[in-house]
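I have placed the structure first, in the form of structure tokens, so that the comments after it can refer back to it.
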Amino acid sequence: MNLPTVHRSSLNRPFLALSCLGLSLLTACANVIPPCGAKISPPSRELRNTRWELIRWNLTPNANGEVRGRQIPQGESSNPIQIAFDTSGEHLSGSTGCNRFTAQISEDERGFTLEKIVTTKMACSPQRMELENDFLYELNDYRTIVRDGDRLLVIGRDREVLSFAQRDTQATKK
């Protein structure tokens, strides 16, 4: 059965629209989707004795699907936001750029979770305190951790992505 030209073109419109939508979603998420070789939710033993520095913070995509970055100050006294896994695999510690924090690592067959996050209580600028609170919220409520070599992505339930670069564990700790 041959359809008239008008009907064939009207059938192609939904297909074309869906194809364009799919392509735009893949393009918008390109900075978020882990590379093929990345390990999703690696066991905590693979992160033991490693230190990571926050280098990028992607906010939740806006209504148009655009991924926006959050500005990351280098901290008061030039302290970056860092996390470090201890050698036993039982604790995570780090710096928010203002305060220090620590958390217990609990692991089961689905991966590990962070529990009992505690921080010091030094006062910082209001902007830095807001960044610290948001960072600790993301750390407390993450959905997935992805490791790709010397990169670590912490993906929140709200689809915000914290990108960390691995740093030398022998570096001077402040």
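The values are calculated or read from the model by the stated rules, or taken from the named source; none is laboratory data. Every value quoted in this text rests on a predicted model; they were computed, and no experiment measured them. Here Cβ is always computed from backbone atoms with ideal geometry, including for glycine, and neighbour counts include all displayed protein chains. Accessible surface areas use protein heavy atoms only, side chains included; no ligands, DNA or RNA. Shrake-Rupley method; radii C 1.70, N 1.55, O 1.52, S 1.80 Å.
Summary of computed values
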item	result
Sulfur and carbon atoms: percent of accessible area, the range 65-150 [1.4 Å]	47 percent
For peptides 156-168, 109-121, sequence by mean Cβ density within 10 Å, most packed first	156-168, 109-121
Å² of accessible area per residue within the range 100-161, as computed with a 1.4 Å probe and no ligands counted	59 Å²
